[in-house]
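Let me begin by presenting the structure, written as structure tokens, before commenting on it.
Since every read-out is calculated from the coordinates, none of them should be taken as a lab result. Everything numeric in this text was worked out from a predicted model, so none of it was measured. Cβ: placed from backbone, ideal geometry, glycine included. Neighbour counts: every protein chain shown.
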Amino acid sequence: METSNPTRRAVLGTAAALTAFSTAASRAARSEQPPASVSPPSQALIRVNGKQLTLELEPRTTLLDALREQTDLHGTKKGCDQGACGACTVHIDGKRVLSCLTLAVRCVGKEITTIEGLADGDTLHPMQAAFLAHDGMQCGYCTPGQIMSAVALVKEGHTQSDAEIAEWMSGNICRCGAYPNIVAAIREVVGPDGKRG
Amino acid sequence: MQSFELIRPRGIDGILSDWHPGDAFIAGGTDLLQLMKNDVVAPERLTDLDNSDLHAISLVDGSLHLGALATMAEVAAHVDVKREWPVISQALLLSASPQVRNMGTVGGNLLQRTRCGYFRDVGFDCNKRRPGSGCPALRGDNRELAIFGGSSHCIATHPSDLPVALMALDAQLDLAAPGSGTRRLPLAQFYRLPGDTPHIETALRPGEMITNVVVPPGPHARNSLYVKVRDRTSFAFALVSAAVGLAVSDGVIRDARIALGGVGAMPWRLPHVEAALRGQRADTSVFETAAARAGDGAISAGLNKFKIELTRRTVLRALRTVAA
Amino acid sequence: MIVGQSIERLDGRLKVTGRARYAAEFKPPNMAHAVLVQSTVAAGTVAGIDTTAAKAMPGVLQIMTSANAEKLNLKGASVLQPLLQGNEIFHNGQHVAIVIATTLQQAQAAAARVRVRYNPAEAVTMMEAALNQASVPRNFSNGRAEPDSRTGDPDAAMTSAAVRVEATYTTPIEHHNPMEPHATIASWDGDRLTVWTATQGISGAQLTLASLFGVPKENVTVICPFVGGGFGCKGTNWPPATLTAMAAREVNRPVKLEVTRQQMFTSNGYRARTIQKLKLAANKDGKLLAIQHDGLAQTSMPEVGEFAEAVGLASRMLYACPNIGTSHRVVAINQGLPTYMRAPGEASGMFALESAMDELAVRLAIDPLKLRLANYANADATSGKPFSSKGLRECYEKGAAAFGWQRRTQAPGSMRDGRVLIGVGMATATYPTNRSPASAQIRMMPDGTAVVRSGTQDIGTGTYTTMAQIAADVLGLPLERVRVELGDSRLPPAPGSGGSMTTASVLPAVQSAAIQLRDKLFVLALARPPAAWGTAAKSDLRLENGVVQGPGAQVSFIDLVTREAVSFVEAAADVNPDAASKDHSSHAFGAQFAEVRVDPDLRTVKVSRWVGAFDCGRVISPKTARSQLIGGIVFGIGMALMEETRVDAETGRTVNANIADYLVPVNADVPEIETIFVEAPDLVTTGLGVKGIGELPMVGVAAAIANAVWHATGVRIRDLPIRLDKLLV
């Protein structure tokens, strides 16, 4: 809907104060506080990999599309855009989530980590190095999501057995079928008893 | 996705007072955004529930209280839930994927829309999506669809696992509406069967929202489990699932609770099977006799006929396992 | 030697850091976004398209329909109607409009508001409804084989044989579902077109686009450094790429189109549904006397094109048998055009043949492996040609030993773990060794690195890595001083990455170019030799570690290139398949061994153990080759147990057109997989001895699982996928 539509605003009643769409609202959106109301389009500051990014967001823009279309962070992949493949997995406040089902404007004030935020300069994150060593990939398209999921999995601690790893990695589809190598890579990072990492 | 406005009110009072007809609530967003991307729904305004203060998981007088915004992952991992209501934790851990469980909420999961392929694709007719347009699933590909509670207008199943467990446990919902306070409703009265109005799925009134789920304790809850049968090992919806709770003392079944997922227009309780178990000895022959009746009243639309036999076997498996 | 060593894939670092750039991830300035609109009826005509509401929406630049789309040069085009060139509808999901807007969100919203009216016509949406219309394929197997074959007299042999098996096997529609959806960015500069597109064949895309738009081939540049999986569905230049280029020309700015996951079910082909009749006849010792394999496959309406699934080719050559007949027929219905999907022909055909062989073994009470060995072929039974190489016997032996096949007990249901039913099954794998003309070029740069260039693609199979390995070995360079450029049509042309032929086609070109470059470096070195070399000739020189090493002294590549004052020293090669290969039957082989665990009550099937032994010729890169073998088996597990595109008969529309309901294997579905290389080099096809790897490992997987399920349960499933409802008996 068009928030500038006067009849609509009249109907909103008490909400009208919140939905006032003006430069003031835009300024509010630029702060690190979540905006009280967002209508298309406004600028928002989103914190990704420790850096503040200024993005032009409509409420309907997903975090995935915001990253892929408006930044150089194309490592987060669009596989199904429906939450069914895991290729778009990122961390929000340390938890693995699906960026295709996350509205970008709801991420203001949160800490987002993408695949580009894992390595320390030229030094790969141990999980990235393990995926490389075990060839936990082929075409590479699901790989960033797999690695983001794997890093979170280690923190979650569901790594006691290979079967447990496989179950907890089943939200990330790899059509090339690199699954055994992915499990082996995670196994290397957490150690034989699943405790390390 | 059509454009919409997003408002982010604070607290339940703010949320309710800001509500306006045509608004939708967004919590985890894992189902709503799929539906919006597919143009199945196109709300003009979304109310963000992030600031609703409904995230808590707590024990009140021995009952479990699940805030509507508690995530599936948080509930599944909660130590009290795992100990006193294991069927809830298991149902959640067998749901979706770890990422979805980190996002999806209790309230949202209860309100997940059907996975019927005809409903989710606007290229098909669907009585649930467009009342009166017809139900091609009745004569089409209905392998996954309902054998219980369907009608000649709709045979869609409720897809979630959590409400199956909650149904078995006689959970109640706290519902809050603009200007009319909170009411408590048994989950069994929350869902509506399709009848000739399949687009009306719940007892929710305009602007009303789930705030809290209350689950009573009991020996049947402590001794409960969830069995889910699906077409792949993980990350798939149920063909048939069963939530069972058995209270057994001195070898006798004092209480029995059974609810099914994947087969009903709503999470489907089996009172006649429960009755066949109560007061009986907890042994295999009793389970077999009771489970043999689990498909009673089922109606097949064709391709889903196998679910009737699979239901019996799933219930039997669940009973044998929980009693072991 | 770097060839044969287990090394990390060279593009792996870019992939694990998220820096590998796929087609949709390029950003030409001022790019607009396009979204497809598809039909909701399966036959008829478009009566009208109301774009008023959509056009008025924010950001919408243009809406193209057949009414305003530019007319393309369709001479020689294989796919017609979906290019907005006419009003007729031939399948549900056919592209009928394309919406172009400033942002992706605007284009998506407007596409949902385009209103299309149809004059629907009666559609035939299911193959079973039109079996009496089956016809001989017009262009079978790209002309490389005849649709029908007959050796000896199978009918007569069938009648007189002691033991016969006759059964019908069916396979469903399957979709490739690579994780990267089809995506194209198109940008025009006058009559020059640049497309970044997800393709397994940049050369083919370049030719097709040039032809459709009536511009010289040189005017079209196709760029694709990474492909997020193809499995066959990115082998052809499908309509979305062309439509993107049309859209870009229409709005006079770069346009990007990413096909949605749902549209992936209607935009780039699928594995056709097949119905296959198999008849086997044998004597009491299990010696095959006759094979008759008759295949029916669905295809699209002729106006859209034709594709014939070649299910019977393996039956012509796999076993020693004096009487073999095969036939192929297609059934045209209102569905999109099928295409190649991983192990086209063999994946479906060998499910039938290798299931039937298992049924024959049961009938004869012979161990299934012994039955295969009793019919081991030393020559191609239909063509009569010798095999260029065949290590199948060793695959059987090594695979069986690693699997513990001898522990199998014959009777179904006889192996259990508690109440859980255990079944083991095996099947043979085979896939032809293909090779096409290819070219490559290598440049020695002034910094001492070699740049290896070929217009091929790396679809995840390791092409970047194997090209570098070959060049490094010939040039005596460490891998880190070899850089590979591929995926750009401005590079020397190479074939599409399909048919498991990239290594066999491209590597000989790289090798040849490297050898020529080595000679050039020798010549340059000898032109101004170090004093110590005296009268040294080429034969006294060798390349190692970035230097030309001669007697008592060396010259570095860096010195050679810089002292010539050139930007680089270059050699190129165009290579063609060896003529001698025509006199041979060339195939890769394998033996698949599966263990399944079947729940005795719920009848769920879980693959619990796998051993695959493969004769895939000489292995260049064991690490990436092993990944392909594992991946093929996983793909086969999907085919066996879950994959099926389900069509609503009334509308011809796919009911499960998404990756939540079209199930593919997840991590938890996959057991421990042991792969064994049996390297029987094929030196007839290439001097390198390589065969194809991509398709081979999925062949026979579905049969091995079906055979194991029979062994566990006594239920023979002849209709894929093997879901529990078929076992609830």
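Within a 10 angstrom radius of the beta carbon, how do A:Tyr141, C:Tyr340 rank from fewest other beta carbons to most? Please list the in-between numbers first.
Details: A:Tyr141 30, C:Tyr340 24.
In increasing order of surrounding Cβ atoms, one gets C:Tyr340, A:Tyr141.
Which three lengths, in whole Å and largest first, does segment B:125-271 cover when its Cα atoms are put on their principal axes?
Per principal axis, max minus min of the Cα coordinates gives 55, 45, 27 Å.
For chain C, what does the helix formula give at 222 nm: sum of -39500 (n - 2.57) over DSSP H segments with n ≥ 4, over the residue count, nearest 500 deg cm²/dmol? Can you show the working numbers first?
Values: 15 runs with 171 residues, N = 729.
Using -39500 (n - 2.57) per qualifying helix, the result is -7000 deg cm²/dmol.
Please report the net charge: other residues with Cβ closer than 15 Å to the Cβ of C:Gln5, K and R +1, D and E -1.
Values: positive: C:Arg9, C:Arg618, C:Lys623, C:Arg626; negative: A:Asp135, C:Glu8, C:Asp473, C:Glu480, C:Glu679.
Neighbourhood net charge equals -1.
How long are the semi-axes of the equivalent ellipsoid of segment C:194-285, defined as square roots of 5 times the Cα gyration tensor eigenvalues? Whole Å, largest first. Present the calculation step by step, with values, prior to reporting the outcome.
Numbers: eigenvalues 278, 48, 30 Å².
Largest first, segment C:194-285 gives 37, 16, 12 Å.
So if R0 is 30 Å, what FRET efficiency would A:Asn49 and B:Asp80 give, r being the distance between their Cβ atoms, rounded to the nearest 0.05? Walk me through the intermediate numbers first.
Values: r = 37 Å, r/R0 = 1.22.
Approximately 0.25, to the nearest 0.05.
Which ³J(HN,Hα) values, rounded to whole Hz and listed in residue order, are derived for segment B:313-319 from phi using the Karplus coefficients 6.51, -1.76 and 1.60 in 6.51 cos²θ - 1.76 cosθ + 1.60 with θ = phi - 60°, glycine and proline given as x?
5, 5, 5, 4, 4, 5, 5
For a quick check: sort B:Val286, B:Val106 by the number of other beta carbons within 10 angstrom, fewest at the front. Could the numbers behind the result be given before it?
Values: B:Val286 17, B:Val106 30.
Ordered from fewest to most neighbouring Cβ atoms within 10 Å, B:Val286, B:Val106 come out as B:Val286, B:Val106.
Enter the Cα centre distance for the pair segment C:140-168 and segment B:64-129, rounded to the nearest angstrom.
So the two Cα centres are separated by 54 Å.
In a solvent-free Debye calculation with one equal scatterer on each Cα, what is log10 I(q)/I(0) for the protein assembly as shown at q = 0.04, 0.08 Å⁻¹, listed in the order of the q values?
-0.23, -0.93
Taking segment A:30-115 on its own, what percent of its Cα-Cα pair distances exceed 15 Å?
Numbers: 1882 of 3655 pairs.
For segment A:30-115, the fraction of Cα-Cα distances above 15 Å is 51 percent.
Where the eigenvalues come from the Cα gyration tensor of segment C:122-189, what are the semi-axes √(5λ) of the equivalent ellipsoid, largest first, in whole Å?
Numbers: eigenvalues 314, 71, 52 Å².
Value: 40, 19, 16 Å, ordered largest first.
Assuming R0 = 56 Å, can you tell me the calculated FRET efficiency for the pair C:Ala53 and C:Thr409, based on Cβ-Cβ distance, to the nearest 0.05?
Details: r = 68 Å, r/R0 = 1.22.
The pair C:Ala53/C:Thr409 has a calculated efficiency of 0.25.
Counting only residues 5 or more places away or on other chains, whose amide H sits under 5 Å from the amide H of B:Asn212 once H atoms are built in the peptide plane?
B:Ala68, B:Asp174
Lys and Arg at +1, Asp and Glu at -1: add these up for the other residues within a Cβ distance under 14 Å of B:Val315 and post the number. All intermediate terms of the calculation are to be shown ahead of the outcome.
On the way: positive: B:Lys228, B:Arg257, B:Arg269, B:Arg293, B:Lys307, B:Arg312, B:Arg313, B:Arg317, B:Arg320; negative: B:Glu274, B:Glu288, B:Asp296, B:Glu309, C:Asp601.
Within the 14 Å Cβ shell, the charges total +4.
Apply the a/c threshold of 1.5 to the C-alpha gyration tensor of segment B:195-310 and tell me whether it is rounded, prolate or oblate. Spell out each step's value before the answer.
On the way: a/c = 1.84, a/b = 1.27, b/c = 1.45.
Taking the square roots of the gyration eigenvalues as a ≥ b ≥ c, segment B:195-310 is oblate.
Quick check: the distance between the Cα centres of segment C:674-723 and segment C:281-307, to the nearest angstrom?
So the two Cα centres are separated by 18 Å.
Once you have a ≥ b ≥ c as the square roots of the Cα gyration tensor eigenvalues for chain C, tell me rounded if a/c is under 1.5, and otherwise prolate or oblate according to whether a/b is larger than b/c.
Values: a/c = 1.89, a/b = 1.08, b/c = 1.75.
The shape class here is oblate.
Name the lysines eligible as straight-distance cross-link partners of C:Lys370: C-alpha to C-alpha under 17 Å, and not fewer than 8 places from it in the same chain.
Correct list for C:Lys370: C:Lys284, C:Lys287, C:Lys398.
Only bridges with both residues in chain C count here: give the DSSP antiparallel percent, nearest 5.
On the way: 102 of 132 bridges.
Percent antiparallel among DSSP bridges in chain C is about 75.
Using θ = phi - 60° and the Karplus relation 6.51 cos²θ - 1.76 cosθ + 1.60, list the HN-Hα couplings for segment C:506-519 in order, rounded to whole Hz, with x at every Gly or Pro.
Per-residue couplings from phi come out as 7, 5, x, 5, 5, 4, 5, 5, 5, 5, 5, 5, 4, 4 Hz.
Within segment C:417-490, what percent of beta bridges assigned by DSSP are antiparallel, to the nearest 5? Spell out each step's value before the answer.
Working: 5 of 9 bridges.
In segment C:417-490, approximately 55 percent of DSSP beta bridges are antiparallel ones.
Whole Å is fine, so just give me how far the alpha carbon centre of segment C:227-276 lies from that of segment C:66-112.
Computed from Cα coordinates, the inter-centre distance equals 12 Å.
Which entries of C:Lys234/C:Lys385; A:Lys78/C:Lys71; C:Lys15/C:Lys256; A:Lys95/C:Lys256 have Cα-Cα distances beyond 28 Å here? Walk me through the intermediate numbers first.
On the way: C:Lys234/C:Lys385 33 Å; A:Lys78/C:Lys71 32 Å; C:Lys15/C:Lys256 22 Å; A:Lys95/C:Lys256 32 Å.
Checking Cα-Cα distances, C:Lys234/C:Lys385; A:Lys78/C:Lys71; A:Lys95/C:Lys256 exceed 28 Å.
For segment C:266-274, just list the computed ³J(HN,Hα) in residue order, Karplus coefficients 6.51, -1.76 and 1.60, θ = phi - 60°, integers in Hz, with x standing in for Gly and Pro.
Couplings: 9, 10, 8, x, 6, 7, 5, 5, 10 Hz.
Given an 8 Å cut-off on Cα distances and at least 6 residues of separation, report the relative contact order of segment A:126-190 as a percent. It would help to have the intermediate numbers written out before the result.
Numbers: 70 pairs, mean separation 33.3, N = 65.
Computed over segment A:126-190, the figure is 51 percent.
Shape call for chain B from the C-alpha gyration tensor, a ≥ b ≥ c root eigenvalues: rounded (a/c under 1.5), prolate (a/b greater than b/c) or oblate?
Details: a/c = 2.00, a/b = 1.26, b/c = 1.59.
In terms of gyration-tensor shape, oblate.
Near B:Arg184, within a Cβ-to-Cβ distance under 13 Å, what is the net charge of the other residues, with Lys and Arg +1 and Asp and Glu -1? Write down the numbers at each step before the final one.
Details: positive: B:Arg183; negative: B:Asp170, B:Asp174, B:Glu208.
Around B:Arg184, the charge tally is -2.
Given H placed on each backbone N at 1.01 Å, which residues far from B:Arg254 in sequence or on other chains put an amide H within less than 5 Å of it?
Residues meeting the amide H criterion: B:Ala247, B:Val248, B:Ser249, B:Gly279.
Identify all aspartates and glutamates with a Cα-Cα distance to B:Lys228 below 16 Å; exclude those on the same chain that are fewer than 8 residues away in sequence.
A:Glu167, B:Glu144, B:Asp161, B:Glu309, C:Asp599, C:Asp601, C:Asp669, C:Asp725
Per the Kirkwood definition applied to all pairs of different Cα atoms, how many angstroms is the hydrodynamic radius of segment C:436-576? Provide the component values of the computation, followed by the final result.
Working: mean 1/r = 0.0657 Å⁻¹.
After inverting the pairwise mean of 1/r, the radius is 15.2 Å.
Check which residues have an amide H placed less than 5 Å from C:Ile722's amide H, if you skip close sequence neighbours.
Residues meeting the criterion, in which the H sits 1.01 Å from N, are C:Leu641, C:Met642.
Got a sec? How would A:Arg47, C:Arg407 order by Cβ neighbour count within 10 Å, fewest to most? Let's see the in-between values first.
Details: A:Arg47 16, C:Arg407 8.
Ranked by crowding around the Cβ, least crowded first: C:Arg407, A:Arg47.
Rounded to the nearest 0.05, what FRET efficiency do B:Asp196 and B:Arg139 give with R0 = 25 Å and r taken as the Cβ-Cβ distance? Could you check?
Values: r = 18 Å, r/R0 = 0.71.
After rounding, the FRET efficiency stands at 0.90.
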